[in-house]
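See structure below.
The values are calculated or read from the model by the stated rules, or taken from the named source; none is laboratory data. This is a predicted model, so every value here is computed, not measured. Cβ placement follows ideal geometry from the backbone for every residue including glycine, while neighbour counts extend to all protein chains displayed. These area figures cover heavy atoms from the full protein model, side chains too; ligands, DNA and RNA do not enter into them. Shrake-Rupley method; radii C 1.70, N 1.55, O 1.52, S 1.80 Å.
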Amino acid sequence: MITINENYLKLQDSYLFSTIAKKVAEFTKNNPDKKIIKLGIGDVTRPIIPAVCDAMHKAIDEMSDIKTFRGYGPEQGYDFLREKIVEFDYKKRGIDISIDEIFVSDGAKCDTGNIGEIFGIDNIIAITDPVYPVYLDTNIMAGRTGTYDKEKDQYEGVVYIPATCENGFVPELPTKKVDMIYLCFPNNPTGTVLTKDQLAKWVEYAKENKSIILFDSAYEAFITEQDVPHSIYEIEGAKEVAIEFRSFSKTAGFTGVRCAYTVVPKELKAYTEKGEEVSLNKLWNRRQCTKFNGVPYITQRAAEAVYTELGQEQIKENINYYLENAKIILEGLKEAGYEVFGGKNAPYIWLKVPKGYTSWEFFDYLLEKANVVGTPGVGFGPSGEGYFRLTAFGSRENTIEAIERIKGITV
């Protein structure tokens, strides 16, 4: 008989955002006259910038001409885009990354999930808590965790590292040896950051323990403060222990276009059970060549346009727009008496829910009384209980209206 991958049965019944969607759909059905403002899922709302659209149109024209038509492209990405990534995202920050360490893909979400394929099942994973669900769920699917403990709201075999207001949202180094460390900074969902010195401690830990850091820097373009690293490779020695994931989704509004990239340095090594060194760059390249046909030419030309002078000006306008939304949410919630975090270097605002409410109860209350949708913190892990996430990716008008509504209700 055909059998299944029973690790999937360890997953909780419903993914966080699908649960939210069901609740909102039910409320909408029962209250068709209500205008719901969604500040929950982190999808962008500003249109693709003109520089990118122009590049896509030009690429489409090329595809209609037999002389410039392109079929399959390189699985690692076209050189014209990889060269721009190296120049603008790394060399300008004094970081030495070579073109063959860049792997263009269709999304950081895909890459952070797929990267686990090149690592052994017996590796011990560590995740900050709260955390973006994909890091944990894909390891559950792979069989790298034990069963779910409902009482603790945790999976056996996973090292959870709390990042809450009690420790300033600075996760502490594990007290036991771990092998795969997931870090996301600026952080989703809390919107908080680490300084270079704080991140350097993680790099040192990984070097001492021969661990790998899986560093998601999808929100680096939103950093406004000094001493906050845009890349983990700003830390000395990080190329020996870290893989970095980046995306054009939030930076350039590519959530519906799909383009990202992963950096796997050639210095990066892992080991066989016998202790023999293996190049992770070669393993990831082999995986991509086998299971990925590359990002479309049109999409990569669009991403290349992000790095033009005009493209940089235009995406900066969009980023500043979202940061201004974040400021409006942050200051408005403070005026309403909420304890809030994030919002300065990221498009996410993390707030403490009022006493007497769980995260989901506050979700229901906010939907019912203010018709505003956010994300319950507990959906990101046990340490997220008692917190709530709002995003700055709405329109200016909706953002202002949502905060006025929240300020107008009493909890």
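Structure summary
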{"quantity": "For the stretch 246-256, Karplus couplings with θ = phi - 60° (6.51, -1.76, 1.60), whole Hz, Gly/Pro x", "calculated": "9, 9, 8, 4, 8, 5, 10, x, 8, 4, x"}
{"quantity": "For the stretch 108-247: accessible area per residue (Å², 1.4 Å)", "calculated": "38 Å²"}
{"quantity": "Theoretical gain in end-to-end length, E368 to I2 [0.36 nm per residue, Cα-Cα removed]", "calculated": "127.2 nm"}
{"quantity": "Low-density loop cleavage sites - GluC sites (Glu not before Pro) in the stretch 191-252, where at most 12 other Cβ are within 10 Å (DSSP)", "calculated": "E225, E236"}
{"quantity": "Among (1) 21.5, 67; (2) 29.5, 110; (3) 23.9, 79, the entry that matches Rg and Dmax of the Cα atoms in Å as calculated here", "calculated": "(1)"}
{"quantity": "Simple label model, 7 Å out from Cα along Cβ direction - K92 to E404, nm", "calculated": "3.8 nm"}
{"quantity": "Additional length obtainable on full extension of the chain from K266 to Y72, 0.36 nm per residue less Cα span", "calculated": "67.3 nm"}
{"quantity": "Efficiency of FRET from Cβ geometry, S395 and T147, R₀ 51 Å, rounded to 0.05", "calculated": "0.75"}
{"quantity": "Most fluctuating residue given options L390, L330, L367, as computed from a GNM of the chain linking Cα atoms under 10 Å", "calculated": "L367"}
{"quantity": "Residue-normalised accessible area of the stretch 281-333, expressed per residue, 1.4 Å probe, Å²", "calculated": "45 Å²"}
{"quantity": "Cross-link pairs K327/K355; K23/K355; K239/K282 - those with Cα-Cα distance over 20 Å", "calculated": "K327/K355; K23/K355"}
{"quantity": "Distribution of pairwise C-alpha distances over the stretch 226-326, 5 Å bins, in %", "calculated": "2, 10, 14, 17, 18, 15, 11, 7, 3, 2, 0"}
{"quantity": "Loop-located GluC sites (Glu not before Pro) in the stretch 155-195 whose Cβ has at most 12 other Cβ within 10 Å (DSSP)", "calculated": "E156, E172"}
{"quantity": "Length added when fully stretched, E166-D54, from 0.36 nm per residue minus Cα-Cα", "calculated": "35.5 nm"}
{"quantity": "Exposed-loop-free span, longest in the chain, where trypsin sites (Lys or Arg not before Pro) count as exposed if DSSP calls them loop and at most 15 other C-beta atoms lie within 10 Å", "calculated": "275-354"}
{"quantity": "Gaussian network model of the chain, springs between alpha carbon atoms under 10 Å - residue of I212, I349, I298 with greatest fluctuation", "calculated": "I298"}
{"quantity": "Nearby aspartates and glutamates by direct alpha-carbon distance to K344 (threshold 13 angstrom, same-chain neighbours under 8 apart not counted)", "calculated": "E220, E225, E324, E331"}
{"quantity": "Estimated [θ] at 222 nm from DSSP helical runs (n ≥ 4, -39500 (n - 2.57)) normalised by residues in the chain, nearest 500", "calculated": "-10500 deg cm²/dmol"}
{"quantity": "Exposed chymotrypsin sites (Phe, Trp or Tyr not before Pro) absent - longest run of the chain, DSSP non-H/G/I/E/B, at most 15 other C-beta within 10 Å", "calculated": "73-411"}
{"quantity": "Whole-percent carbon and sulfur share, accessible surface of the chain, 1.4 Å", "calculated": "49 percent"}
{"quantity": "In nm, spacing of pseudo-spin labels at E208 and T19 (7 Å Cα→C-beta vector)", "calculated": "3.7 nm"}
{"quantity": "Partner lysines for K67 [C-alpha distance under 21 Å; skip if fewer than 8 residues away on the same chain]", "calculated": "K58"}
{"quantity": "Share, in percent, of DSSP beta bridges within the chain that are antiparallel, nearest 5", "calculated": "55 percent"}
